[in-house]
Amino acid sequence: MPPKSAEKKPASTGGKGTISPASTSKPRFLRAIDRAPAKSAAPAAEKKEKKPKAEGTRKVKKTRKETYSSYIYKVLKQVHPDTGISNKAMSILNSFVNDIFERIATEASKLAAYNKKSTISSREIQTAVRLILPGELAKHAVSEGTKFV
């Protein structure tokens, strides 16, 4: 018995299924699920219809994550050109840099407040580094910092 006009099947696409224009904006893994052949042959009349999107809605833009990874990678290549770094190690170094930055900024802010100044200068940064970093490490950090100021 030939299929009824409402139940006509689409032309064969080589077993790949059909891709609707709405599904091309979906992520790759969701499109693969849509292309999978249906397990049960349900009539087309019982399928749920897609609701049209409201005209005022927009796609939510993905926010950019700011990291120091490109700078860490450049320094690594200057020091050890033949060495790579894993994503996990890069994540650890990135959180380390963020932590040290936050500590120095907080301490410099407190020092400026103690001296009744509204501006953080290189002097407050230098003093904050001396207070936060221990001994020899603070001396090296201060000497490297004064080279670039």
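Just so you know, all these numbers are worked out from the coordinates, no wet-lab data involved. Quick caveat, the model's predicted, so the values are computed rather than measured. Here the Cβ is made from the backbone with ideal geometry for all residues, glycine too, and neighbour counts use every protein chain on show.
Extension gain, Arg58 to Ile132, is 22.0 nm, computed as 0.36 nm per intervening residue step minus the present C-alpha separation. Within the shell defined by Cβ-Cβ distances under 15 Å, the residues around Ser121 carry a net charge of +3, with Lys and Arg each +1 and Asp and Glu each -1.
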